[in-house]
Structures are given as structure tokens and as C-alpha cells.
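For reference, the structure discussed in these notes is given below.
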Amino acid sequence: MTELAVLPPDFAKEAAIMEKTWASKPGVIGWLSETGHKQIGLRYIVTAFLFFLAGGIEAALMRIQLLKPENHFLGPDAYNQIFTMHGSTMMFLFAVPIMEGFGVYLVPLMLGTHNVAFPKLNAFGYYIYLFGGLFLYTMFLLHAAPQAGWFSYVPLAGPQYSPGKGVDTWAQMITFTEVSGLVVAVELVVTTFKQRCPGMSLNRIPLFVWSMIVVSFMIIFAMPAVMIASGYLSLDRLVGTHLYNRSEGGDPLLYQHMFWFFGHPEVYIIFIPGLGFVSSILTAFTGRKIYGYTAMVSTLVVTAFLGFSVWVHHMFATGLPQLGESFFTAASLMIVLPTGVQIFCWIATIWSGRFRIATPVMYVIGFFLVFIVGGLTGVMLASIPIDWQVHDTYFVVAHFHYVLIGGALFPLFGAFHFWFPKWTGRMYSEVMGQISFWLLLIGFNVTFFPMHVLGLYGMPRRVYTYQPGMRWGNLNVLASAGAVFMALSVLTMIINFLVSRRAGRVAGANPWNADTLEWSLPSPPPVYNYLHVPTVSGLNAVWDAAPDQPYVTGMRFDRREILITRVLDAEPDHTEQLPGHSPWPFVLSCTMCIGLWGAIFFAWWFTIGAVLSGIALIGWFWPSDRELEDHILREKGELGGLELGMPEPVREEMP
Amino acid sequence: MTQRVLDVAALTEGTADSRSLIWWGNLAMLAIEGTMFAMAMATYLYLRSTNLDWPPSTVPKPDLLMPTINTVMLLLSCIPAFIIDRASITKNMLPIRICQALSIAVGLLFLYIQYAVMVPSLGYKWSSHAYGSVVWVIIGMHTLHMVAATGETALLFLYSLFKPVLKKHLLDFRCTAVYWYFVALVWVPFYFIIFIEPWMQRKGS
């Protein structure tokens, strides 16, 4: 079907029609009905960042409390609430959702499509996440915060030792955020496999998109476990089941198994998108194709599989059979292999490329330094004797902050700077960017490196204060001083972004000369993304494009029509219409709140919420007469013989 | 200047088969739900392994007749689901309507037997012991799925009586049929652990 044609005359007219087709609606109701992936993605990112600031303030309060021995800045109860809120916020309300937000924003752009596969579901996922987070913080402000730590182990979190509504609130927040995570995972899997632009076969998918696919599959198989685990916790607390009650045949360890069957993959769900950021940034800043693309993709997949077979290393101190522990030690040690392959591939990329330095790439280098240290202490912790020695001490706290801040936060901040021009159309200030980087790198190491030593000296985590004679004072002062630098770093970054958003230099379409498709669009991208669906002829779509690279024609501009391609080689297959605005995702998340929040106080609210949600779902799926007429018109004449076999493949000639 | 283009105007809009987005979304949802049921099964097996008295000696041997009839009926209901699936390919509405009505009847009857006959005869509650908790959790989870499958079928049935049936609705029929297979088949292992296992030699006895 490739044909030579003169450049179509009137792009402006087509663009105007597309603008109207995909436009946002005005007003509050329009805002609540929004289903565009860029809007929703940015909302995820902004919301998650605000939760990050809340979690950061909680961390600062803890550092003030630990500044000196026998401090009474926070009482024991307040301290318990604060560390629980800090951990829960950072894991469930910041780290996972912000990565999902990046996926929702970037994946359709990188694949050359107009929106995610299920736009209404996407909006629903955002609201359910937002409400889960707001609920937790509302209860916190009402002095009903959970106090049992971010993993809320039973029996501490059970009905006997945690009276009140705190743990129930925590358990419902888990349900909300996990539903949101699952929703995004399903969308991204389907979007990536079905909506890639022609020519983007599996071996031309950008590495960031691969990382999001791997993460999405991990979410699909990991998050149900924690929903069930926290669901059982709610049931034990609210309706008197005995799933975790030893005296009636239940088992507290069951909770730990199910929690960590989710919890360890969760760590990878947080840092694998970070690996995707690193690959994107390094490709742009070395000006070459990533070294070892196939190895990179396969090690991502291997990491995901291994990630499901190491959960027991969080439970070495529970007295499990030694043979089982040995197996999990071996599996935990094996994780270094795929990660090592990736790091060597990146080094080779830097080595053989034309390496340039700017803030995003500095964060990538920070990632190497910090993440490798965290990885090495991880290898130490995989060894059972060491694990027993330092279990529940600050050594573990140091380890996972090195892994998570190194593996996720550094690449994330790099990604903020890297895609800032794409979001806003303007450049950030390079000087401020580098200042914020150095503040973070120094502040982070000053805060968390001493914690290794504190842990080896025996300082336990989650204890609100310590005695003067323990000789932990100086190192704690150092750690608290480092936290000041980290706060200044984040502050610098926020000021940089807020100022540059208005006053920065105009960025243009591709300020980094990067390779993925979103950089072929104006910054910020138009509401419909691509006027014509693009085609690609290589892994680095922008760099490999021919001067007359074909684009797709024959699609409607006056409908939200998207091109569906085949799974393996992305040949055009058929078109589908995506739904437009809808208030129902918002309504459904409200009815779910009625059911799930209400159930904490009175079990029948669950049933009431379920019935209301059923009604909301009918509203969601019921087409309006206008939509129906439109469908009938479009289908006219073809209902007699539905084509269910494969149509003749479209021949395309790629250079 | 000339510009090469890839013209896709000849492609059809929408398909009612495994190439469509909804089909994939449905499969992903089943992967999630399947993991949930696997977790429920894992809970049962884990608690079984940590308890010496399992099922607890206070649990009576369950009556087998009605649960077995109910399970067989649920399995047989895959036949109308299959007919809905096949008839949707050719848009043959009569068998679709008959089988949808049949599915709704089976769904309601199954739920009625579960709650009016089977559950009262269990002899324990969710709060009796951990065994009771896990059995009730399983039954509750499956009930939610059964309600969803029956409700979805009923909604599509009512819709297709009053509104025109388009290609996208045929796709909905087919996806609902796949969902029905899932809900029916996933019950089978739970039938065995809830109703057959207590008849086998008790662990620890």
C-alpha cells in the first residue's frame, strides 16, 4: 500500500480537526472527566511528588528526633506513626505511582500512538490512587494513623495489639494503591503489545518501554498477593476471622510470606523503570545505540523472574528450615548477575560513545555509585549469618536506602531533568540542576553511610530514642546534618523547575538530540500526540528515520481512532475507536471509597458500596445514543459478514 | 518533495476476536484474578501444612450431594458459554439469547444453592477457626466472581433486547464467555478441598 504522493496540502486544517477531537473539556467537570494519557500521567507525577514531599518531611522529623540521645521532640507513639507513614508513603504513594505516571505519560508517546489502550480505566486508576493516599493522610491528621511499620506485621498489626482504626486505614490504602497499580499495568501491557506504530517490531521497542512492560507483568503477578494479605488482615481485624491467629490455627508467618511475595518484586517494580530511565538518558548523551540491546532486554526479564524467588531473604530471622534458606540465599546472590550485565553494557555504551555531561547524566553517574554500594550490601545481607547479626538494625536501613534512592530516586531525578523540556517546552537552569545534584549526592551519602556503621554498632531501627552511653550520638548528628543537604537539594530542584517553567530558554523539539519518538514532536506535545501515526525503521526511531520516512494516512481525524498493529512485527492490523471524556471513572472511584472506607467502620458499607459501584459500572459501559448512532453509521454494510480471519497483510516497504 | 505514506484506509474498524484491545484486557484481568485465587489456594495449603489437626476434628463431614450437583451444573454451564462464543462469530442472535438466558438461570441457581443449602450445612463459620476462615474466604471470593459473571451476562442480555447489537457487543459476548469459563473452572479445585478433603483421612488422625 505504499505509494508515492505529494505532501498533503493542508496539515493545519487536519491539525485543527484533531485538536478538536482530542481536546480536554473546560471546567471542573471537564477536569474530572479527563482521559488523556499525558494529563493523567502528569497528575500521577505531580501527586506522587507531593506525597514524596510529605514523606520527606516525616523523614526530617525522624532525623530531628534522633539528633541526640533521649530526645523528647517526638514521643514513642508519634515516632511510630511517623516512621510508618514515611515508609508507607514512600513505597505505596510515591515510588510506584510516580514510575507508573512516567509510564502512562511516556509509553504511548514512545510507541507512536494517541492514547493508552483503556483511557477511562486509566483515569479511574489515578482517582483510586489519589483517594487512597488522601484517606491515609486524613486519618493521620485525625490521629488515627497506623503505627505498625510500612509492612504492618501481625501479630503487632492484628486486632489484639493494634486497636483503633490505624491499621485498617493502612490496609485499605494498600487496596487502593494496588488497584491503581494493576490498572496501569494492564493498560501498559496492552498498549505496548497492540498499539506500536508500524515498523516497531519487538526488537525496536525502546528500553524504557521494555522496562515498563517487565514491571507491568511483575505488578500483575505480585500485587494480588499483597491485596490478599492486607485483605486477610482487614478480615481478621473487622469480622473476626483467624487467618493470622495462631491460637485458632492461623499463622502470622503466612502474612510475612504473602507480604514479601509481593514486597520483594515491589523493590524491582520501583527500580526497573529507573534502569529504563538510565538507558534512555545514556543513549541520548552518548549519541550511540545502547550497547547490548538484546542482553539488556533479556536481563530485565531475568531480573523479574529472579525477583519472585527471593522473598524469603526478608524472613531469614524467622527460623525457617535451613535448606529453604540456602535456596533463597543462592537466588538472592544470583540477582547480581543480570544487574552486573546491565551495568557493564552501560559502561561499554559510555566508553564507545561521544559522552556529554549535563544534569540528567550526572544523576545517572550518581545512580551507578550509590546503587552499586547498595547492591554490595545486598549481597552481604543475602548471607544468613550476616543477616542474623544485622537484622532490624540501621545496617538494613542503610542498605535499602542505597538501593531505593540509588536505584530509583537518582534515575528519577535524572528523568525529571531529561524530560522537563518535553513537558514544559522550556529548559531548566543547568547550574541549578548541577547544584541540586551535588547537594543530593553529598547529602545522601552523609545521611546514610553512617547508618551502616550505626547498624554494625547495634543500633536497632524503629526505636524512638537511645541512651547516651551507646556512642551512637555523633554518627546520628552526622546523618541528620546530611538530611539538611538532601532537603536543600530537593528545594533547589523545585525552585529550578518552577522558575524555568515560565522563564527558561525555549527548548525546541529535541534539545538533547535524543532517539525516541516523543522527541520528534513539538514540546510540549499536542493533545493528540501524532497528527499522523509515524513509522519507524530502526531501534533509534529518530536517528534512523529516512528523510522521507513514511507516515500513516487513511485514518480519521474527526474520531479518536487509533491504529492497532500485530504483536510481533507491528504490521497494521485494524483500527479501533477510543472512548472520549467520561465522568464515570471518577464516580466509580467515589462509590468504591464509600464501600471500602465505610467497611472499616461498619461491614455493611462494603455491600452498599458494591451495589453503588455496580450502578456506576453500568453507567460507565452504557453508550449514549449519539455514540451508538455513530457506531451504527460506521458499521453499516459490514455486519453481515464479520471478518474474523486475518486480513491480507499490508505490505510496506521500509528502507 | 515527495513523501512516502502508508495508507491504512482499507483496514477494518474493530474486530470481535483475539486481536482486539478488550480481548487482551480481559486476559490480563484473568491473570490478576487467577493470581488471587492461587493465593487463596496457597493460603489453604500453607495453613494445612502448619496445622496438625486439619480439617479441625470439630468439622463434620460435609454433605456431598448438593455441592456436587452444583459443581457439575456450573461445569456444564460452559456449554452455553461456548455456544455464545461461537454464535457471536456469525452474529446468530437466537442461540446467543437462549444461552444467555440459560447462563443467567444457572448463575442464579448456583448462588442460591451455595447460600441456601450448602453454606448453612457447613457447620462452622468464618470466625470458628482458621480452617473456617479460609473456606469462607474462598467461597466469598468465588461468589463475588459468580455475581460479576451473572450480572455481566444479564446486562448484555437486557442490552441486546432493547438496543442494536454491534460488532463491539459481539466482542463483549465473547469476552464474557471467556470470563465464564474462568469462573466455572476455577471453582473445581476448591470444590475438592472444601468437600472432598474432609472425607479423606484426616491429617494427624
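The values are calculated or read from the model by the stated rules, or taken from the named source; none is laboratory data. Just so you know, these numbers come straight off a predicted model, no measurement behind them. When we count neighbours, we look across all protein chains shown, and the Cβ atoms used for this are built from the backbone with ideal geometry, even at glycine. Remember, those area values only see protein heavy atoms, side chains included, never the ligands or the DNA or RNA. Shrake-Rupley method; radii C 1.70, N 1.55, O 1.52, S 1.80 Å.
Residues of region B:1-17 with backbone nitrogen within less than 19 Å of a virtual label 7 Å along the Cα-to-Cβ line of residue A:546, please, listed as ranges.
From region B:1-17, the list is B:1-8.
Can you give me the accessible area per residue for region B:88-193, using a 1.4 Å probe, in Å²?
Here the per-residue accessible area is 37 Å².
Calculate one ³J(HN,Hα) per residue across region A:227-236 by plugging θ = phi - 60° into the Karplus curve 6.51 cos²θ - 1.76 cosθ + 1.60, and present them in order as whole Hz with x for glycine and proline.
Ordered by residue, 3J(HN,Hα) equals 5, 5, 4, 6, x, 4, 4, 4, 5, 4 Hz.
At what distance in angstrom do the alpha carbon centres of region A:57-127 and region A:37-54 lie from each other?
If you average the Cα positions of each part, the centres end up 10 Å apart.
Count, for each residue of A:182-189, the Cβ atoms from other chains sitting within 10 Å of its Cβ, then give me the mean as a whole number.
The mean count of partner-chain Cβ atoms within 10 Å per residue comes to 3.
Provide the solvent-accessible area of residue A:573, counting protein heavy atoms only and rolling a 1.4 Å probe, rounded to the nearest 10 Å².
Result for residue A:573: roughly 0 Å² accessible.
Rounded to whole Hz and in sequence order, give me ³J(HN,Hα) for region A:279-295 from the Karplus expression 6.51 cos²θ - 1.76 cosθ + 1.60, θ = phi - 60°, writing x for Gly and Pro.
Computed from phi, the couplings for region A:279-295 are 5, 4, 5, 5, 4, 5, 8, 10, x, 9, 4, 4, 6, x, 4, 4, 4 Hz.
On average, how many beta carbons from a partner chain sit within 10 Å of the beta carbon of a residue in A:613-626?
Rounded to a whole number, the mean comes out at 2.
Quick one: Karplus J couplings for region B:157-162, per residue in order, coefficients 6.51, -1.76, 1.60, θ = phi - 60°, nearest Hz, x for Gly and Pro?
My calculation for region B:157-162 gives 4, 5, 4, 6, 6, 10 Hz in order.
Using modelled backbone amide H atoms (1.01 Å from N, in-plane), which distant-in-sequence or interchain residues come within less than 5 Å of residue B:6's amide H?
A:551, A:552, A:553
Using alpha carbons only, how many degrees (0 to 90, rounded to 10) separate the axis of helix A:394-404 from the longest principal axis of chain A?
Long axis of A:394-404 versus the principal axis of chain A: about 10 degrees.
Under 1.5 on a/c is rounded, so check that first for region A:480-604, then, if it is not, pick prolate when a/b is larger than b/c and oblate when it is not; a ≥ b ≥ c are the square roots of the alpha carbon gyration tensor eigenvalues.
It is oblate, given that a/c is not under 1.5 and a/b is not larger than b/c.
5 Å is the cut-off here: which amide hydrogens, built 1.01 Å from N in the peptide plane, fall below it relative to residue B:54, excluding neighbours closer than 5 in sequence?
B:203
Of B:88, B:49, B:103, which has the largest mean-square fluctuation in a 10 Å C-alpha GNM of chain B?
B:49
When Rg is the radius of gyration of the Cα atoms in region B:1-152 and Rh is its Kirkwood radius, what does Rg/Rh come to?
My calculation puts Rg/Rh at 1.16.
Would you kindly find the accessible area of residue A:251, with a 1.4 Å probe and non-protein molecules such as ligands, DNA and RNA excluded, rounding to the nearest 10 Å²?
10
Assuming a ≥ b ≥ c are the square roots of the Cα gyration tensor eigenvalues, decide whether region A:214-369 counts as rounded (a/c under 1.5), prolate (otherwise, with a/b larger than b/c) or oblate.
Prolate.
Give the distance, in whole Å, between the Cα centre of region A:469-531 and the Cα centre of region A:186-231.
Distance between centres, Cα-based: 26 Å.
From other protein chains only, count the Cβ atoms within 10 Å of every residue's Cβ in B:18-27, then give the mean.
6
Sort A:320-329, B:121-130, A:383-392 by the packing proxy (mean of other Cβ within 10 Å over each peptide's residues), most packed first.
B:121-130, A:383-392, A:320-329
So what's the angle, to the nearest 10 degrees on a 0 to 90 scale, between helix A:410-424 and the longest Cα principal axis of chain A?
So the helix axis and the longest Cα principal axis differ by about 30 degrees.
I'm checking a number: the convex hull volume of the Cα atoms of region B:91-203, normalised per residue, in Å³. What is it?
Here the figure is 110 Å³ per residue.
Once Rh for region A:130-171 is found with the Kirkwood sum over Cα pairs, what is the Stokes-Einstein diffusion coefficient at 37 °C and 0.692 mPa s, in µm²/s?
Approximately 320 µm²/s, per Stokes-Einstein.
Could you state the orientation-averaged shadow area of the convex hull built on the Cα atoms of region A:1-150, in nm² to one decimal?
13.3
Can you give the charge dipole size of chain A about its Cα centre, rounded to the nearest 20 debye, using +1 on the beta carbon of Lys and Arg and -1 on the beta carbon of Asp and Glu?
Dipole magnitude for chain A comes out near 1680 debye.
Could you state the orientation-averaged shadow area of the convex hull built on the Cα atoms of the protein assembly as shown, in nm² to one decimal?
Hull-based average projected area comes out at 36.2 nm².
Specify the angular offset, from 0 to 90 degrees and rounded to the nearest 10, of the alpha carbon long axis of helix A:604-621 from the longest principal axis of the alpha carbons in chain A.
Tilt relative to chain A: about 20 degrees.
I want to verify the translational diffusion coefficient of region B:101-146 in µm²/s; compute it with Stokes-Einstein, Rh as the Kirkwood radius over Cα pairs, at 10 °C and 1.306 mPa s.
Answer, rounded: 140 µm²/s.
Using alpha-carbon positions, what is the distance between the centroids of region B:52-94 and region A:391-428, in Å?
50
Nearest 100 Å² is fine: how much accessible area is buried between A and B, summed over both sides, with a 1.4 Å probe?
6400
Check residue A:574: other-chain or 5+ apart residues with amide H under 5 Å from its amide H, H built from backbone geometry?
Here A:564 satisfy the definition.
How high is the relative contact order of chain B, in percent, counting Cα pairs under 8 Å that sit 6 or more residues apart?
Across chain B, relative contact order equals 37 percent.
Per residue, how many Å² of accessible area does region A:123-280 show with a 1.4 Å probe?
23
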